[in-house]
Amino acid sequence: MKVNLLEIKNLKKSFGTLEVIKGISLNVEEGKVVSIIGPSGSGKSTLLRCATLLETIDSGELIYLGEHATTDIDGKASYAHKAQLKRIQSYFGLVFQNFNLFPHFSVIKNVIDALITVQKKPKDEAMEIGRGLLKKVGLADKEDAYPYQLSGGQQQRVSIARALALNPKILFFDEPTSALDPELTGEILNVIKELAAEKMTMVIVTHEMSFARDVSDHIIFMDNGVIVEEGSPSKVINNPENERTKAFLSRFES
Amino acid sequence: MTWSVMIFKLSEGMLESVKIFTLTLLFSLPLGLFVAFGRMSKNLLLRNFVRLYISIMRGTPLILQLMVIYFGPFYIFNITLSSGYRFYAVIIGFVINYAAYFAEIYRGGIESMPVGQYEAAKVLGYSKAQTFIRIILPQVIKRILPSITNEVITLIKDTALAFAISYAEMFTVAKAIAAAQTNMTAFIIAGIFYYVFNLIVDFIMGWIEKKLSYYR
């Protein structure tokens, strides 16, 4: 049975007079990987920030597991009350382009602090979860290091572990490799591939076309704040129908 | 007056200077944080009120502020206060003056924090208070420590301004001794005392800075 973890209905978002998202609807089913591709300024990162409640949307609906974060009332988005938003917040995790690790916390503390502070888990239980996750991302030996002592790729892996620690039902990635040297992107992509193999539900904004093709169940091509084309990777990346999609992808031919 | 008596008297004065210094820091450092919140408040009335307060504190001499606080109750409201009020006037004057300076330092530190730290905390479910106390404030303290050290060192020397309302701290004592003896000895010893006090504070602040250098 298909279960929609996230439904976005006719989302619109403007910054001042500039309309960045011009009415986008999409569903994310449990266990699926959705990648959002498109040129810079197409609104894909903004869409992700709206979905993760970092930006306030103007109109449309955001529904997580059937719970409304926003309801559309006469074309204006009305947000749910604080307690419900807090609960909805716990359904998803977000991995940032610039990691945004807490520099004053050690690696393990970065991973487990929210478990202890937010979810009120006992420390030894949190430690166990944290160590397991660090092992999973290949950083078991770095738990006492501080973020500045790690490479960009290692920092991003810590931030993935941090997001996973709270056991989200859906994990968002905002260009997770864009701040990394090309030789470091592979280690991040491998971690994401591993998560995909474990049927983690993910929404990934990325510029890595071959990665998106390999890992995704569904690909969305965005341009100018709208979805231009979407479908399976073989359809969108290998056989795009829309001229704009073709033009965009032609730059990635290798 | 023998040397030992002079040094004893100056030490007594020094103790008062240290008292002013300690109490001022004890109250103005936390107060400054609240003033900084007021300065950054979304409430226009509160924000402008705090701005005016900071502007007056920084825009007029501390020595004059001390005078107003000490003599104000009598000249403005015709209230006669006991002689013990002198000490409170000194502490109130120093605390509200230094809180204004600390507030601006805090504000600079808080506003320099990358927005990504707040966003990461928000997505992880931290409340606003948890975000500030666990994530933002520790990093702000590290960032502003050199500026705080500057103010703290200035404060040691500023305690001499309590002289203006005849509070018997070290400078007041030194001046009285120098006038009685008609020579500079007391001033020179007082100078050495201030300098040594400064060295100690400088050492402590350096130690704290080093303690916080475990991350970048």
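The values are calculated or read from the model by the stated rules, or taken from the named source; none is laboratory data. Computed from a predicted model, the values in this text were never measured in an experiment. Backbone-built Cβ (ideal geometry, glycine too); neighbour counts: all protein chains shown.
Scanning the range A:181-212 for residues that are of a type in the set (Ser, Thr, Tyr) and under 20 Å from A:Asn238 (Cα atoms) turns up A:Thr206, A:Ser210.
Look at the range B:74-114 and say how many of its residues are within 14 Å of another protein chain (Cβ to nearest Cβ) and part of a loop (DSSP other than H, G, I, E, B). Break it down into steps so the answer makes sense when it comes.
First pass over the range B:74-114, keeping only residues within 14 Å of another protein chain (Cβ to nearest Cβ): B:109, B:112-114.
Narrowing the set further to residues that are part of a loop (DSSP other than H, G, I, E, B) leaves B:112-114.
Residues in the range B:74-114 being within 14 Å of another protein chain (Cβ to nearest Cβ) and part of a loop (DSSP other than H, G, I, E, B): 3 in total.
Filter the range B:7-31 for residues that are of a type in the set (Ser, Thr, Tyr) and over 16 Å from B:Ala176 (Cα atoms) and give the result. Break it down stepwise before answering.
Quick first cut of the range B:7-31, residues of a type in the set (Ser, Thr, Tyr) only: B:11, B:17, B:22, B:24, B:28.
Scanning the range B:7-31 gives B:Thr22, B:Thr24, B:Ser28.
Please specify each residue of the range B:134-155 satisfying the condition of being crowded, with 16+ Cβ neighbours inside 10 Å, in contact (Cβ under 8 Å) with a residue 60 or more places away in the chain and either within 14 Å of chain A (Cβ to nearest Cβ) or charged (D, E, K, R) (or both). B:Lys142, B:Leu145 - these are the residues of the range B:134-155 that are crowded, with 16+ Cβ neighbours inside 10 Å, in contact (Cβ under 8 Å) with a residue 60 or more places away in the chain and either within 14 Å of chain A (Cβ to nearest Cβ) or charged (D, E, K, R) (or both).
A quick yes/no check of all residues on (1) over 21 Å from A:Val107 (Cβ atoms); (2) crowded, with 16+ Cβ neighbours inside 10 Å:
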{"site": "A:Gln155", "(1), (2)": "no, yes"}
{"site": "A:Ser159", "(1), (2)": "no, yes"}
{"site": "A:Ile188", "(1), (2)": "no, yes"}
{"site": "A:Ala197", "(1), (2)": "yes, no"}
{"site": "A:Ile219", "(1), (2)": "yes, yes"}
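When you check A:Gly38 against the structure, is it within 17 Å of the chain's Cα centre (by Cα) and either away from chain B (no Cβ under 14 Å) or of a type in the set (Lys, Arg) (or both), yes or no? So A:Gly38 fits the description; yes.
Please go through the range A:143-192 and give me each residue that is hydrophobic (A, V, I, L, M, F, W, C) and without any contact (Cβ under 8 Å) to a residue 40 or more places away in the chain, ordered by number.
Restricting attention to the range A:143-192, the residues satisfying the condition of being hydrophobic (A, V, I, L, M, F, W, C) are A:145, A:150, A:158, A:160-161, A:163-166, A:170-173, A:179-180, A:184, A:188-189, A:191-192.
Across the range A:143-192, the qualifying residues are A:Ala145, A:Leu180, A:Leu184, A:Ile188, A:Leu189, A:Ile192.
If you go through the range A:86-110 and pick out every residue that is closer than 18 Å to B:Lys128 by Cα, buried (at least 18 other Cβ atoms within 10 Å of the Cβ) and more than 9 Å from chain B (Cβ to nearest Cβ), you end up with 2. Given the criteria buried (at least 20 other Cβ atoms within 10 Å of the Cβ), within 14 Å of chain A (Cβ to nearest Cβ) and at pLDDT 95 or above, does B:Gln117 qualify? So B:Gln117 fails the test. Just one of the listed residues (B:Met184, B:Met170) is surrounded by fewer than 19 Cβ atoms within 10 Å (Cβ to Cβ) and modelled with pLDDT under 95, namely B:Met184.
No other residue among A:Ala247, A:Ala212 is under 30 Å from A:Leu18 (Cα atoms) and surrounded by 14 or more Cβ atoms within 10 Å (Cβ to Cβ) apart from A:Ala212. Scanning the range A:221-244 for residues that are under 23 Å from A:Lys2 (Cβ atoms), surrounded by 14 or more Cβ atoms within 10 Å (Cβ to Cβ) and of a type in the set (S, T, N, Q) gives a single hit, A:Ser232. Residues in the range A:130-141 that are part of a helix (DSSP H, G or I) and surrounded by fewer than 20 Cβ atoms within 10 Å (Cβ to Cβ): A:Arg131, A:Gly132, A:Lys135, A:Lys136, A:Ala140, A:Asp141.
So that you can scan it fast, the table gives a plain yes or no per residue for (1) within 19 Å of A:Glu175 (Cα to Cα); (2) within 13 Å of chain B (Cβ to nearest Cβ):
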{"position": "A:Ile112", "(1), (2)": "no, yes"}
{"position": "A:Ile116", "(1), (2)": "no, yes"}
{"position": "A:Leu134", "(1), (2)": "no, no"}
{"position": "A:Asp141", "(1), (2)": "no, no"}
{"position": "A:Tyr148", "(1), (2)": "no, yes"}
{"position": "A:Val158", "(1), (2)": "yes, yes"}
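Residues of the range A:168-184 that are closer than 20 Å to A:Val107 by Cα and modelled with pLDDT under 95: A:Pro176, A:Thr177, A:Ala179, A:Leu180, A:Leu184. Residues that are farther than 22 Å from A:Ile220 by Cα number at least 3 in the following strands (runs of 3 or more DSSP E) confined to the range A:48-118: A:67-73, A:76-79. Listed conditions (1) in a strand (DSSP E or B); (2) modelled with pLDDT under 95; (3) hydroxyl-bearing (Ser, Thr, Tyr) are all met by A:Ser35, apart from (2). Starting from residues that are among the small types (Gly, Ala, Ser) and within 14 Å of chain B (Cβ to nearest Cβ), keep the ones in the range A:41-58 and report whichever is surrounded by the most Cβ atoms within 10 Å (Cβ to Cβ). Restricting to residues being among the small types (Gly, Ala, Ser) and within 14 Å of chain B (Cβ to nearest Cβ), the top hit is A:Ala51. One residue stands out in the range B:120-133 among those that are outside any helix (DSSP H, G or I) and not small (Gly, Ala, Ser): the one that is surrounded by the fewest Cβ atoms within 10 Å (Cβ to Cβ), namely B:Tyr126.
Given the condition within 27 Å of A:Arg49 (Cα to Cα) and either small (Gly, Ala, Ser) or in a helix (DSSP H, G or I) (or both), answer yes or no: does some residue in the range B:172-182 qualify?
Initial filter on the range B:172-182 (within 27 Å of A:Arg49 (Cα to Cα)): none.
No, the conditions are met nowhere in the range B:172-182.
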